[in-house]
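Take a look at the structure below.
The values are calculated or read from the model by the stated rules, or taken from the named source; none is laboratory data. The shown structure was predicted, so the numbers you read here are calculated from the model rather than taken from an experiment. For neighbour counting, all protein chains shown are included, and Cβ atoms are generated from backbone atoms with ideal geometry for every residue, glycine included.
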Amino acid sequence: MKIYGPIFSWRLGISLGVDLVEPAPGYDKICSFNCLYCQLGTRSEKTVKPRSFGDFSDLAQRLKKTLQGLKPKPDYITFSGVGEPTLNIDLGQIAREIRKTTDIPLAILTNASLTTDEKVRASLEEFDLVVAKLDAPNEALFKKINRPHPGLDFEDIVSGIRKVRAPVAIQTMLFRTKDLDNTKPEVIDGLIRLYKEISPRQIQLDIPSRPTPLDKEGGKGEIERLSEKELREIAEYVARETSIETIYYQPPQPAALEREALDLTGSLKALLARRPVTILEASLAFGVDEEEVLKIIKQLEKENLLECFHTEERTFYKLKPAKGQ
């Protein structure tokens, strides 16, 4: 179980990540979905059975030590990483242990698939914010976009989200491909119906801002990303129709963090193992000059440890899976 970041989140501000899961060798992630747009890759250890991911007795103290070196304090400690965090059977106990060491709010990013399980919902009550995924208004589109484990039912998941007693935000990823489009007016209206049923604290409209398996070199792949204008107009429509606060993706414009001396190489590798990152994002996350990050990036490239992804505007780096994975 690893701590990574902090990163600048467009929806949560400064976020320090906690990764509670670890995929089996040969897989990019462990999840109950295998979403078309997933930045982690296509090789999903697909499961719906929570299990233990090892000893967590020192996690809270490691987190406390990390927080001591951060200024300002993160806005959230966020449970997310290389898979679905609710697959960790110890989720609730881990959250309780962390609460003993800090007053920073806890958030979790979940695909909501296991909210059908009463025990999982009880664990989610330990969080100040549950960010639950909802990308489609019906079973057919759900299966095309999220490619779920065959044991999952769309209506059961929606019902499970409604039963979560912690504060909930709904995140929807909006995009188009040649075969599907969840930005069509009739799809948005279907989502609005579900937003009203669930009545979350907030709706978060996202786009695949990072490289996905469907992107080709140069960023011109099968996924078509909405323009800022299109996304804003949809957000305004959703807010108007639901009377629920609706925010949408905008590239964060943060001020640099201050932090005590750290193992920059180790911290950068931990971040790159979990998501594609630009040099600018890494420099802002760790409060260092871009040149310092670039120096480490070049060394990691020399050691053949990095994958590089180019979009039309940015270059992303991600750590290659370890040998045997």
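Do we have any residue at all in the range 89-97 that's among the acidic types (D, E), modelled with pLDDT of 95 or more and under 18 Å from the mean Cα position of the chain (by Cα)?
No, the range 89-97 contains no residue that is among the acidic types (D, E), modelled with pLDDT of 95 or more and under 18 Å from the mean Cα position of the chain (by Cα).
Could you name every one of the helices (runs of 4 or more DSSP H) located completely within the range 29-146 that has at least 1 residues being in contact (Cβ under 8 Å) with a residue 40 or more places away in the chain and closer than 16 Å to G160 by Cβ?
Because the criterion is at least 1 residues that are in contact (Cβ under 8 Å) with a residue 40 or more places away in the chain and closer than 16 Å to G160 by Cβ, the helices (runs of 4 or more DSSP H) in the range 29-146 that meet it are 91-99, 118-124, 139-146.
Select from the range 176-188 the residues that are modelled with pLDDT of 95 or more and not in a helix (DSSP H, G or I) and write down the one among them that is farthest from the chain's Cα centre (by Cα).
The qualifying residue farthest from the chain's Cα centre (by Cα) is K184.
Among residues belonging to the range 20-48 that are of a type in the set (S, T, N, Q) and either out of contact with any helix residue (DSSP H, G or I) (no Cβ under 9 Å at 6 or more places or on another chain) or farther than 15 Å from T86 by Cβ (or both), point out the one that is surrounded by the most Cβ atoms within 10 Å (Cβ to Cβ).
Top of the filtered list is S44.
Across the range 147-175, what is the number of residues that are outside any loop (DSSP other than H, G, I, E, B) and surrounded by fewer than 16 Cβ atoms within 10 Å (Cβ to Cβ)?
5
Identify, please: which residue in the range 105-127 is in contact with a Phe, Trp or Tyr (Cβ under 8 Å, 6 or more places away or on another chain) and surrounded by fewer than 22 Cβ atoms within 10 Å (Cβ to Cβ) and is, among those, farthest from N34 (Cα to Cα)?
Once the filter is applied, the top-ranked residue is P105.
Take L180 and tell me if it is within 30 Å of P276 (Cα to Cα) and surrounded by 14 or more Cβ atoms within 10 Å (Cβ to Cβ).
Considered against the rule, which asks whether it is within 30 Å of P276 (Cα to Cα) and surrounded by 14 or more Cβ atoms within 10 Å (Cβ to Cβ), L180 comes out as yes.
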